[in-house]
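Working notes, beginning with the structure itself.
The values are calculated or read from the model by the stated rules, or taken from the named source; none is laboratory data. The model shown is predicted, which means the values in this text are computed figures rather than measured ones. Glycine also receives a Cβ, built like all others from the backbone with ideal geometry; neighbour counts cover every protein chain displayed. Each accessible area value is taken on the protein alone, full model and side chains, heavy atoms only, with ligands, DNA and RNA left out. Shrake-Rupley method; radii C 1.70, N 1.55, O 1.52, S 1.80 Å.
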Amino acid sequence: MKPISIEEKLGVNKFNVDEGNPHIIIKKETGNLEVIKKCVIACPAGLYSIKEDGNISFDFAGCLECGTCRVICAGTGILDWNYPQGTFGVEFRYG
Amino acid sequence: MPEEKFDCIIVGAGPAGSTAGFLLANAGLEVLIIERGTFAGSKNMTGGRLYSHSLEKIISDFASVAPVERKVVKETITMLTNDSAVSIDFQSQQLNQAQKESYTVLRADFDQWLAGKAEDAGAILAPGVRVDDLLFKDGKVTGVIAGEDEMEADVVILADGVNSLLAQKAGLKVELKPNQVAVGVKEVIELPAQVIEDRFGLNKGEGAARIFVGNCTKGKIGGGFLYTNKNSLSLGLVFTLADLAESQLTVPQMLEEFKSHPVIKPLIKDGKLVEYSAHLVPEAGLNMLPKLYSDGVMVVGDAAGLVINAGYTVRGMDLAIASGEAASKAIITAKEQDDYSAASLARYQDLLDRSFVMQDLKQYQKFPEFMENPRIFNEYPQLVVNIFKDMFIVDGSPGKPLRKKVLNHAKQVGLVNLLKDAWKGVKAL
């Protein structure tokens, strides 16, 4: 198998994105880079990144709803984390 | 205002929730199972393999009708370094015996089937609904809130998975900690059945299960897994969250490197990625056990952290099913006595205590701590590989006695460390 980028991988999945209604919101952008760095490493969907100017980039579309970032950020007040509304989000066809 | 009151509302149509729903509906109770996905299983993933014993007790010979993938007849543990591997293979006719067998499964199909059994028994399944909160009255849980809707029940079972936000709201559970959970990532890779059977040396319908330790996680606490399905492989990695912080590579990068390891590469050759999934695994066992019940509410399955990671076996679904069964039995008695108080629902805990669930959790109580040892994921796989290299690589350089070879490599890890870890391992198991 050829190497596959994370974007291509997520492209294989079925998502029903709740446009304009993110289920994960970064509430505190500044002063939390060390915690966010852990999310950059651990997020299975590679949705977290830190830009050159030090700002956080995050996209909730493509979320696999594992809760990894939720547990990493627990107690810090950085994230507002919920499951997507019913029927929205990832739909595993194999699982 | 609530329109109708159920005997029981179950949040989550995974193995724990659907088992409870099936048994309660069979006993004539009015049951509502609420699932946030568009169908049961659509939010769930497993490595994965189901040990059949607990479901077999409830639905005899289920594997002949349920959408299971392959019966596992071959177990392999592989220690990996960057370019080498040493494997231990176990094959036995005993893996084939009733109650002892295990099956690879894919959850979208399997969970739908089990939820369907609950529906057939009379439970109402409401998919596509996210439960946001619980209804409380005088400190008792009396139902659930989903959006604008309120639904009442005598008892609510929380089967909402590892993250169980609801168990926290019910005051049964505190927030998960990074050393209590592992993140699992998995690719489902499509291959023709014949190719799978040839590559893994299997007869038609038989399956293989492989676990990997060492280089696959770059020495981080965790491991790799590979299960054969009918027409696909489930290949993935699991990492304890607490140990990931200092990793040089991201989780998706490590999965790609694992796939290109010389041991894995030929196994997935010409395969086609059909899905990429991720999930948290509760791994701290008894050390993270929540309060299992309170007035009008119980927590089961992954939501209760009922998973056993013994390194060479990882079990969750068989515990989930048994916990769903225990919860349903307690509720059936509660219904007879019309008493859904904590004191009455304590029967759930009693039943679990007497079952394999708590007995096995106790048995492996010290294991999570034992696994928090970086030597298991770095030095030991290297040590074993080095010994085998000395044994099998012949290049004309003068040979040394085997005992010296072994001793030299062992000294690199430190004999005291080796003995200490071996003793800890024996005690932990």
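Mean partner shielding of peptide A:7-14, defined as the number of other chain Cβ atoms within 10 Å of each residue Cβ, is 4.
Inter-chain neighbour count for A:36-45: the average number of beta-carbon atoms from partner chains within 10 Å of each residue's beta-carbon is 6. The string of couplings for segment B:160-169 from the Karplus curve (6.51, -1.76, 1.60, θ = phi - 60°) is 9, x, 4, 6, 2, 5, 6, 5, 5, 5 Hz, one whole number per residue in order, with x for Gly and Pro. Per-residue Karplus couplings for segment A:54-65, computed as 6.51 cos²θ - 1.76 cosθ + 1.60 with θ equal to phi - 60°, are listed in order as x, 7, 8, 10, 8, 10, 7, 5, x, 5, 9, 6 Hz, Gly and Pro entered as x.
In this rough spin-label picture, where each label sits 7 Å from Cα along the Cβ direction, the residue A:29-residue B:272 distance is 4.3 nm.
Shielding by partners for peptide B:17-23, expressed as the average number of C-beta atoms from other protein chains within 10 Å of each residue's C-beta, is 0.
For chain B, with all protein chains in place and a probe radius of 1.4 Å, 51% of the accessible heavy-atom surface sits on carbon or sulfur. Computed over chain B with a Gaussian network model linking Cα atoms closer than 10 Å, the most mobile of B:152, B:256, B:69 is B:256.
If you rank B:276, B:103, B:293 by how much accessible surface each has, with a 1.4 Å probe, what is the order from largest down?
On the way: B:276 0, B:103 20, B:293 50 Å².
Final ranking, largest accessible area leading: B:293, B:103, B:276.
Each residue of segment B:89-103 was assigned a 3J(HN,Hα) from its phi angle through the Karplus expression (A = 6.51, B = -1.76, C = 1.60, θ = phi - 60°), giving 10, 10, 10, 7, 5, 5, 5, 9, 7, 3, 6, 9, 7, 9, 10 Hz with x at Gly and Pro.
When peptides A:24-31, A:77-84 are ranked by their average number of other Cβ atoms within 10 Å per residue, the highest-first order is A:77-84, A:24-31. Put the Cα centre of segment B:360-405 next to the Cα centre of segment A:59-95 and the gap is 38 Å. For residue B:400, the lysines whose Cα comes closer than 18 Å to its Cα, not counting residues fewer than 8 places off in the same chain, are B:389, B:411.
For the protein assembly as shown, the share of alpha carbon pairs falling in successive 20 Å distance bins from zero is 22, 56, 20, 2, 0 percent. The contact between chain B and chain A removes approximately 3900 Å² from the accessible area (both sides summed; 1.4 Å probe; ligands, DNA and RNA excluded).
When chain B is treated as a Gaussian network with alpha carbon springs shorter than 10 Å, the biggest mean-square fluctuation among B:199, B:210, B:375 belongs to B:199.
Heavy atoms only, 1.4 Å probe, whole protein assembly: order B:36, B:70, B:354 by accessible area, highest first.
Details: B:36 40, B:70 5, B:354 170 Å².
Heavy-atom accessible area, descending, gives B:354, B:36, B:70.
Distance from the Cα centre of segment B:251-281 to that of segment B:168-246, in angstrom? What the calculation gives is 10 Å, centre to centre.
Note on chain A: Lys pairs 8 or more places apart or on different chains, Cα atoms under 25 Å apart, count 12. Taking amide H as placed 1.01 Å from N in the peptide plane, residue A:89 has its amide H under 5 Å from the amide H of A:16, A:17, A:18, each at least 5 places away in sequence or on another chain.
Ordering B:260, B:328, B:60 by accessible area with a probe of 1.4 Å, largest first, what comes out?
On the way: B:260 70, B:328 0, B:60 95 Å².
Largest accessible area first, the residues go B:60, B:260, B:328.
What's the carbon and sulfur percent of chain A's accessible surface, probe 1.4 angstrom, rounded to a whole number? Don't skip to the end; give the middle numbers.
Values: 2210 of 4550 Å².
Of all accessible area on chain A, carbon and sulfur atoms account for 49 percent.
Basic side chains Lys and Arg get +1 at the Cβ, acidic Asp and Glu get -1 at the Cβ, and with that the dipole of segment B:369-428 about its Cα centre reaches some 300 debye.
Computed packing ranks the peptides B:134-140, B:232-238, B:397-403, B:376-382 as B:232-238, B:376-382, B:134-140, B:397-403, most packed first, by mean other Cβ atoms within 10 Å. The mean accessible area for residues of the protein assembly as shown, using a 1.4 Å probe and ignoring ligands and nucleic acids, is 42 Å² per residue. Taking Cα centre as origin and charging only the Cβ of basic (Lys, Arg, +1) and acidic (Asp, Glu, -1) residues, the dipole magnitude of segment A:27-91 rounds to 200 debye. For residue B:133, the residues 5 or more places off, or on other chains, whose built amide H falls under 5 Å of its own are B:145. A cut-off of 5 Å between modelled amide H atoms, ignoring neighbours fewer than 5 places along the same chain, links residue B:10 with B:32, B:33, B:34, B:157. Here is the tail figure for chain B: Cα pairs spaced more than 42 Å apart come to 18 percent of all pairs. Within straight-line reach of residue B:366, meaning a Cα separation under 26 Å, sit the following lysines at least 8 residues removed in sequence or on another chain: B:100, B:173, B:177, B:218, B:220, B:291, B:420, B:424, B:427. Partner aspartates and glutamates whose Cα lies under 18 Å from the Cα of residue B:204, excluding those fewer than 8 positions away in the same chain, are identified as B:69, B:75, B:101, B:190.
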